[in-house]
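S.K.: Dumping the structure here so I can ask a few things about it.
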Amino acid sequence: MKKGLGEESPRIGMYRVKLYLLTSNKGKVGEIARIAVKYGVELEAVNAPKLEVQSNSLREIALYSAINYYISSGGMPVLTEDAGLFIRALNGFPGPYSSYVYRTLGVRGVLKLMDGVEDREAYFESAVAIVYDGLVIAETARVNGSISKEPRGEGGFGFDPIFIPQGFTRTFAEMSIDEKNSISHRAKAVAKALESLLNLLKV
Ligand code: ITT
C-alpha cells in the first residue's frame, strides 16, 4: 500500500519531508535514493510523463519539469534531475541532448565520433530541481574526467562505461554506486539541493 504524503517519513525538525522523484531512469533512482537516506528524506520514484522543455540549460530543463509536475499534480513535492555528458573535443556535444544521443548513437556511436581524437576531456553535469510547498530550489554540479578508448564495466547506466572521472583509472561503470556517489555530478547536486531545502524548512 502506498504511504500518504509525508506519513512515516523521518522527522526533520518539525517537518516530515517526502519528495516524489520524477524519472524514467532506474539508475538515477538507485543513486539518488542513497543520498536522500543520508539526509533523512523519504523518496518515492514516480515514472510519470516528464514534460521537458528544449533548452541548452540543464537547470532550466529540470526546473521546468519539476514546476510543471508540481502544478499539474496539485502540489505534490517533487524532485527532478537532468544530466548530460559534455565532451570538449565535440564542443560540448551531446550535453543537454545526452538522453537522445544515448538512445540513437549509444556508447559505441560516441566512441566512433572520438576515433583518433587526442583530447578526451569531458565532464558530466547534473541539475536538480525541487519544488516543495511553494519553495523552488535548483542546484547544479559537475564532475570532470575523460572519455575512455573502449567501454569498460558492467555497473551504472548510460555513458558510465566510457567515463573515467579525474584522478581515477576506472570508469564509472567499474565502480559501486557508493563509490560513484562519492564523486559524481548527480550526488553533489542532489546533496546541495537537499541541504538547501532542509535549511529553508528549518528557518
Ligand atoms: P529522466 O529524464 O526520465 O530522468 P533520462 O535517462 O532521460 O531520465 P536525462 O534526461 O537526464 O535522463 O538524460 C541524461 C542522459 O545522459 C542519460 O540517459 C544517460 O545516457 C546520460 N547520463 C546522465 N547522467 C549519467 C551518469 O551519471 N552516468 C552515465 N550516463 C549518464
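S.K.: Sort ASP178, ASP115 so the one with the fewest other Cβ atoms within 10 Å of its own Cβ comes first.
M.R.: Arranged by neighbour count, lowest to highest, ASP178, ASP115 become ASP115, ASP178.
S.K.: Quote the FRET efficiency, to the nearest 0.05, computed for GLN166 versus SER24 with a Förster distance R0 of 25 Å and r equal to the Cβ-Cβ distance. Please report the intermediate quantities before stating the final value.
M.R.: Values: r = 29 Å, r/R0 = 1.17.
With R0 = 25 Å, the Cβ-Cβ based efficiency is 0.30.
S.K.: If we restrict to alpha carbons, what Rg and Dmax does the chain come to, in Å?
M.R.: 17.3, 58
S.K.: On each of the three principal axes of the Cα atoms of the stretch 36-78, give max minus min coordinate, whole Å, ordered largest first.
M.R.: Result for the stretch 36-78: principal-axis Cα extents of 33, 23, 16 Å.
S.K.: Please tell me which of these pairs span more than 20 angstrom C-alpha to C-alpha: LYS28/LYS202; LYS50/LYS192; LYS26/LYS50; LYS112/LYS180? Provide the component values of the computation, followed by the final result.
M.R.: Values: LYS28/LYS202 27 Å; LYS50/LYS192 22 Å; LYS26/LYS50 14 Å; LYS112/LYS180 25 Å.
Over 20 Å Cα-Cα: LYS28/LYS202; LYS50/LYS192; LYS112/LYS180.
S.K.: Let's see if you can work this out: charge +1 on each Lys and Arg Cβ, -1 on each Asp and Glu Cβ, no other charges. What is the dipole magnitude of the chain about its Cα centre, in debye to the nearest 20?
M.R.: Values: 25 positive and 23 negative charges, 48 e Å.
Computed about the Cα centre, the dipole is about 240 debye.
S.K.: Going through the stretch 139-179, which GluC sites (Glu not before Pro) have at most 14 other Cβ atoms within 10 Å and a DSSP loop state?
M.R.: Answer in residue order: GLU154.
S.K.: At a 10 angstrom cut-off on C-beta neighbours, averaged per residue, how do the peptides 66-72, 187-193, 117-123 rank from highest to lowest?
M.R.: On the way: 66-72: 19.0, 187-193: 23.1, 117-123: 14.6.
Those peptides, ordered most packed to least, come out 187-193, 66-72, 117-123.
S.K.: Sort 105-111, 75-81 for me by packing, meaning the mean count of neighbouring Cβ atoms within 10 Å per residue, highest on top.
M.R.: Numbers: 105-111: 15.7, 75-81: 22.6.
So the order, starting with the most tightly packed, is 75-81, 105-111.
S.K.: Where the only charges are on Cβ atoms (+1 Lys, Arg; -1 Asp, Glu), what is the dipole of the stretch 29-72 about its Cα centre, to the nearest 20 debye? Numbers along the way, then the final one.
M.R.: Details: 4 positive and 5 negative charges, 20 e Å.
The calculated dipole for the stretch 29-72 is roughly 100 debye.
S.K.: When Lys and Arg each count +1 and Asp and Glu each count -1, what net charge do the other residues less than 15 Å away from ARG59, Cβ to Cβ, add up to?
M.R.: On the way: positive: ARG142, ARG186, LYS188, LYS192; negative: GLU52, GLU60, GLU81, ASP82, GLU125, GLU139.
Its environment carries a net charge of -2.
S.K.: As a test of the formula, what do you get for the chain when each DSSP H run with n ≥ 4 contributes -39,500 (n - 2.57) and the sum is divided by the residue count, at 222 nm and rounded to the nearest 500 deg cm²/dmol?
M.R.: -10000 deg cm²/dmol
No lab work stands behind these numbers, since they all come straight from the coordinates. Keep in mind that what you see is a predicted model, and the values were worked out from it rather than measured. Quick reminder, even Gly has a Cβ in these numbers, built from the backbone with ideal geometry, and neighbours come from all protein chains shown.
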